[in-house]
Amino acid sequence: MQKRPTVFDLSFALSNSDPEPMLQPKITYQNHQDTAKGFGAAFGLQPEDFPGSNFAGVETVTLSTHSGTHVDAPWHYGPWSGGRPSRTIDQMPLEWFFSDGVVLDFTHKGAGEAVNPREMEQALGKIGYSIKPYDIVLLRTDTYKHFGEPGYDELHCGVTPEATHWLIDRGIKVMGIDAWGWDPPFTMMADQVKQGHKDVLWAAHFVGKEKEYCHIEKLANLDKLPRPSGFKVAVFPVKIERASAGWVRAVAIFE
C-alpha cells in the first residue's frame, strides 16, 4: 500500500472570537433543530417531518476577504500592477498556489524590525537552500502564537520593499508570513507617516504596483514543520469575483 503524505495545517480557523475589530467575522450558527423549523416551514413541512426532527447544520458568515488566513491579490495593492490593470483573486493563475515550499526563520526579529534582502540571503544560507522560480516562500516569526491576545497586530517584524523586490526578481510569485501583515505593524507605520516619512506606509505591499505578486497573511504553525524545505505548499484562494483577496486553507504536504 502506498504511504499517504503527511499534511500540516498552516491556517487559522475563522471564529467569532477573532481579536480584530475591523476584520472580525460574524458567524451565525443554526443547528439541526433550527433548520427543521425554518427550512421546513418554507416548504410547508413540520419539524416532525424530518428524521428525529433534525435537518441540517447551517452557518451564515459575514466577514472581510482579509479576515483569517488569506491570500492578497494585486488588486489589493492598487488599480495597476506592472503597467497593466491589477488582477483580482479570481483571475490569478492556480499554478502559482501549489509549489515547493521553503520556510525562512525570522523569529529573532522584534516588533517593527525590518527584514532586508541580505537577511533573506542569510536565512537561506543557514538552511542550505537556493530559491527557484515559483517556490512559495514562507516567513516564520512565531507571532501567530499570540493570535487572540491584545496587540497581536503590533508584535510582528515586517518585510522591506527591497526584500519583496528581491524575492520577486528571483521568480517568486507567492510569499507569506505567520503574522498579521507583510509590512511592519500599521500603527508603527502610521506614527512614521505623522513624522513626515510617508514613503514607509505599506511600502512592501505597494511593490505590487510595480511587479505582480501575491502574499499570504496570518499563517500559522510554521514552527511545527519537520524541516524548512523539501515539501509542497498548497494555498489555493477561494474564488471570489473581483475581490482583493481570498481565504485559504494553507497546507504543507510532506511525502
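The values are calculated or read from the model by the stated rules, or taken from the named source; none is laboratory data. In this text the structure is predicted, and so the values were computed from the model without any measurement. When we count neighbours, we look across all protein chains shown, and the Cβ atoms used for this are built from the backbone with ideal geometry, even at glycine.
Brief remarks on what is shown
- Residue within the stretch 146-155 that is over 11 Å from residue 217 (Cα atoms) and surrounded by 23 or more Cβ atoms within 10 Å (Cβ to Cβ) present: no
- Condition check for residue 67: among the polar types (S, T, N, Q), in contact (Cβ under 8 Å) with a residue 40 or more places away in the chain and either more than 23 Å from residue 252 (Cβ to Cβ) or in a strand (DSSP E or B) (or both): no
- Scanning the stretch 226-242 for residues that are in a loop (DSSP other than H, G, I, E, B) and crowded, with 18+ Cβ neighbours inside 10 Å turns up 228, 235.
- Test: residue in the stretch 150-163 that is within 22 Å of residue 108 (Cβ to Cβ), among the aliphatic types (A, V, I, L, M) and touching a residue at least 60 places away in the same chain (Cβ under 8 Å): no
- The stretch 133-162, residues that are among the charged types (D, E, K, R) and in contact with a Leu (Cβ under 6 Å, 6 or more places away or on another chain): 140
- Test set (1) outside any loop (DSSP other than H, G, I, E, B); (2) without any contact (Cβ under 8 Å) to a residue 24 or more places away in the chain - residue 252 fails condition number: (2)
- Residue within the stretch 37-56 that is part of a helix (DSSP H, G or I) and within 33 Å of the chain's Cα centre (by Cα) present: no
- Residues satisfying the stated conditions in the stretch 132-155, i.e. closer than 15 Å to residue 69 by Cβ and among the small types (Gly, Ala, Ser): 148
- The listed residue being under 23 Å from residue 82 (Cα atoms) and either touching a Phe, Trp or Tyr at 6+ places or on another chain (Cβ under 7 Å) or at pLDDT 95 or above (or both), out of 198, 145, 173: 173
- Of the criteria (1) more than 16 Å from the chain's Cα centre (by Cα); (2) crowded, with 18+ Cβ neighbours inside 10 Å, which one residue 77 fails: (1)
- Output for the stretch 116-145, where each listed residue is surrounded by fewer than 21 Cβ atoms within 10 Å (Cβ to Cβ), in contact with a Ser or Thr (Cβ under 9 Å, 6 or more places away or on another chain) and within 13 Å of residue 220 (Cβ to Cβ): 142
- Checking each residue in the stretch 92-146 for being in a loop (DSSP other than H, G, I, E, B), closer than 19 Å to residue 225 by Cα and hydrophobic (A, V, I, L, M, F, W, C) picks out 106, 131.
- When 182, 247 are checked against the criterion of being assigned to a loop (DSSP other than H, G, I, E, B) and modelled with pLDDT of 95 or more, a single residue qualifies: 182.
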